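First the structure, in the form of structure tokens, and then the observations on it.
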Amino acid sequence: MTASVTVRVPAKVNVQLAVGGLRPDGFHDLANVFLAVGLYDEVTVAPADELRVTCTGPDAGQVPLDRTNLAARAALALAERHGRDGRGGGVHIHIDKDIPVAGGMAGGSADGAGALLACDALWGTGASREELLEICAELGSDVPFSLVGGAALGRGRGELLTPLEVGGTFHWVFAVADGGLSTPAVYAECDRLRETSGTGAGVADVPDPEASAALLDALRTGDAAALAAAVSNDLQAAAVSLRPSLAATLAAGTEAGALAAMVSGSGPTTAFLVTDEAEAAKVADALRASGTCRSVRVTSGPAAGATVLRGSN
């Protein structure tokens, strides 16, 4: 057994998030087009007498350090499947966090996928890719994509993935808001807004979500302008309703020349698609000067999924 294993895992942006009606089980069917981007958490696991989670980095104080953390849940799930129940808690999970917390960029999901891959390498369980993805799906809707990375269409709750071809590099600017937004609260607000509008919010009222053919083609050809014309997020109105200040951030990025401005996932991070690195720097400067966000990050995608950096046998 190695002394420790470190895995790097990326953030994501949803270039399309189509949300179906509220199902009887409380979930929504999705057509969720994920793109992994180059903001990363690093998850390091090492043997320990008991399960322990520590975290450093921006907003580390907002990360739960108990067994509700997805990284801890991932370790326990793998241990249970491989007969390590008595020893499964014997791991120290350290998260070096750089993905915004509760920001709609799947930071918690990334940590779950990273811990799962790291514990598999640390313990030598030899889990297949299919088994790891199965555990990921049990942990949460975004966790499987955090393992896979690149670009993918997520169906069901987002966990049923189809890899997508990407023909180029897409440049992004992310504006990080103060505080987080609860994903369940944003979905509930989406349902409320649909009811208020008179369309209804149930599966019988809302069309089945479908991926945009124009958006998939733009990804495949690497055409940023075409992608900008096709991006959409059915949760954006709900996120802005819960956090009206996001409207000013979106307007600031648009006025600075972004090709597209959108809420990332359930928010409150906002995402701005730009043509190239020079435009990214210009939009980032404008967002910083606008006073409408706490911090700004510049990166690109697609990025690789969860990757063992060191410590693998």
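Derivation of every value follows stated rules applied to the coordinates shown; laboratory data play no part. Computed from a predicted structure; not experimentally measured. Virtual Cβ from ideal backbone geometry, glycine too; neighbours counted across all protein chains shown.
In loop segments of region 155-233 as defined by DSSP, the GluC sites (Glu not before Pro) with at most 15 further C-beta atoms inside 10 Å of their C-beta are GLU165, GLU210. Axis of helix 183-197 versus longest Cα principal axis of the chain: the two differ by about 30°, to the nearest ten degrees.
Sparsely packed loop sites in region 1-95 (the GluC sites (Glu not before Pro) outside DSSP H, G, I, E and B with at most 11 other Cβ atoms within 10 Å) comprise GLU50. Shape class of region 98-220 from the Cα gyration tensor (axes a ≥ b ≥ c, square roots of the eigenvalues): prolate, since a/c reaches 1.5 or more and a/b is larger than b/c.
Near PRO58, once Lys and Arg are set to +1 and Asp and Glu to -1 for all other residues with Cβ below 13 Å from its Cβ, the sum equals -2.
Using Cα centres only, tell me the gap between region 269-296 and region 182-258 in whole Å. When both Cα centres are located, 19 Å separates them. Using the Cβ-Cβ distance between ARG67 and ARG23 with R0 = 22 Å, the FRET efficiency computed as 1/(1 + (r/R0)^6) comes to roughly 0.20. With contacts taken as Cα pairs under 8 Å and at least 6 residues apart, the chain reaches a relative contact order of 27 percent.
Normalised by the number of residues in region 23-169, the average gap of Cα pairs under 8 Å and 6 or more apart makes the relative contact order 32 percent.
Within the shell defined by Cβ-Cβ distances under 14 Å, the residues around ALA238 carry a net charge of -1, with Lys and Arg each +1 and Asp and Glu each -1. Stokes-Einstein diffusion of region 257-307 at 37 °C, 0.692 mPa s viscosity, Kirkwood radius from Cα pairs, rounded to a whole number: 274 µm²/s. Measure nothing fancy, just the Cα-based angle from helix 70-81's long axis to the longest principal axis of the chain, in degrees from 0 to 90, nearest 10. Result, in degrees: 50. For the chain, the longest principal axis of the Cα atoms and the long axis of helix 107-123 meet at an angle of about 20 degrees. Where the alpha-carbon atoms of region 162-291 are placed on the principal axes, they occupy 45, 36, 21 Å, in descending order.
In terms of its alpha-carbon gyration tensor, the chain comes out prolate; a/c meets the 1.5 threshold, and the first ratio a/b outweighs b/c. Residue separation of ARG310 and THR56 scaled by 0.36 nm, minus their Cα-Cα distance, works out to 89.6 nm of gained length. The relative contact order of region 186-275, computed from alpha carbon pairs under 8 Å that lie at least 6 residues apart in sequence, is 27 percent. The local environment of ASP205, defined by Cβ-Cβ distances under 11 Å, has a net charge of -1 under the rule Lys, Arg +1 and Asp, Glu -1. Between SER141, SER109, SER197, the GNM of the chain built on Cα springs shorter than 10 angstrom shows SER197 fluctuating the most. What is region 5-165 by shape, rounded, prolate or oblate, if you read a ≥ b ≥ c off the alpha carbon gyration tensor as root eigenvalues and call it rounded for a/c under 1.5, prolate for a/b larger than b/c, and oblate otherwise? Prolate.
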